[in-house]
1. Quick one: in segment 96-132, which of the residues that are among the hydrophobic types (A, V, I, L, M, F, W, C), in contact (Cβ under 8 Å) with a residue 24 or more places away in the chain and part of a loop (DSSP other than H, G, I, E, B) is surrounded by the most Cβ atoms within 10 Å (Cβ to Cβ)?
2. Does Thr91 meet the test of being surrounded by fewer than 22 Cβ atoms within 10 Å (Cβ to Cβ), in contact (Cβ under 8 Å) with a residue 60 or more places away in the chain, in a loop (DSSP other than H, G, I, E, B) and among the β-branched types (Val, Ile, Thr)?
3. Tell me the residue from Lys90, Lys70, Lys20, Lys58 that is within 18 Å of Ala161 (Cβ to Cβ), among the charged types (D, E, K, R) and over 13 Å from the mean Cα position of the chain (by Cα), please.
4. Do we have Gly63 as of a type outside the set (Val, Ile, Thr) and in contact with an Asp or Glu (Cβ under 7 Å, 6 or more places away or on another chain) here?
5. Say whether the condition of being in contact with a strand residue (DSSP E or B) (Cβ under 7 Å, 6 or more places away or on another chain), more than 27 Å from Gly63 (Cβ to Cβ), in contact (Cβ under 8 Å) with a residue 24 or more places away in the chain and among the small types (Gly, Ala, Ser) is met by at least one residue in segment 144-154.
Amino acid sequence: MSLLAAARRLARLLSSTGHKIVFAESCTAGLAAASLARVPGISAWHCGGMVTYRNETKAAYLGIDPQLLKRTGPVSDKVARLMAEGVLLKTPEATISASITGHLGPDAPPTLDGVLYLAIATRSSLAASPMTTTIRYILPANSGRDARQRLAAQTLLSLVADHLDNVSTTQ
């Protein structure tokens, strides 16, 4: 599936479920949000996003503890979760958020090369804090940075679409 096809699928599901989405992106630098914005009429469901490429920005914009970022690094399950929850809390009209952080290279540590952490947070009227799920995903080796960035954004859009599709079929 192409990046635009993933965006169109997500747009259809946002429309059918009534969810409004906001993004917090690191390694994709806003590509997922920008791809969704290419879909005509998406402004009814797309609230926007934050590009938090650097640790300092994650701390300033999303309130992530700088000591946590220093201790664990920005590429972790915990940071992805906090990014999704932080951007959702800062966007009152959004009902769902998606975040991504990862190492796309070059110069990535070998154990983290191509590793992504993605999170989806959903506002719940029953709970004070959002319900959040995270996933670890590994991109194929030997693909260039641009290809990896596009695949990472496509993966994020598809993950949110799958989540909405699963929620709508279980209700």
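1. Narrowing segment 96-132 to residues among the hydrophobic types (A, V, I, L, M, F, W, C): 96, 98, 100, 104, 108, 112, 115-116, 118-121, 126-128, 131.
Next, from what is left, pick out any that are in contact (Cβ under 8 Å) with a residue 24 or more places away in the chain: 96, 98, 100, 104, 112, 115-116, 118-121.
Subset that is part of a loop (DSSP other than H, G, I, E, B): 104, 112.
Values: Leu104: 23, Leu112: 15.
That would be Leu104.
2. Numbers: surrounded by fewer than 22 Cβ atoms within 10 Å (Cβ to Cβ): yes; in contact (Cβ under 8 Å) with a residue 60 or more places away in the chain: yes; in a loop (DSSP other than H, G, I, E, B): yes; among the β-branched types (Val, Ile, Thr): yes.
The answer is yes for Thr91.
3. Values: Lys90 fails: within 18 Å of Ala161 (Cβ to Cβ); Lys70 fails: within 18 Å of Ala161 (Cβ to Cβ); Lys58 fails: within 18 Å of Ala161 (Cβ to Cβ).
On inspection, the qualifying residue turns out to be Lys20.
4. On the way: of a type outside the set (Val, Ile, Thr): yes; in contact with an Asp or Glu (Cβ under 7 Å, 6 or more places away or on another chain): no.
No, not satisfied.
5. Taking segment 144-154 as the starting set, the residues that turn out to be in contact with a strand residue (DSSP E or B) (Cβ under 7 Å, 6 or more places away or on another chain) are 152.
Then keep just the ones that are more than 27 Å from Gly63 (Cβ to Cβ); that gives none.
No, the conditions are met nowhere in segment 144-154.
We did not get these values from a lab; they are worked out from the coordinates using the rules stated. As the structure is a prediction and not an experimental result, all values here were calculated from the model. Cβ atoms come from the backbone with ideal geometry, glycine included; neighbour counts cover every protein chain shown.
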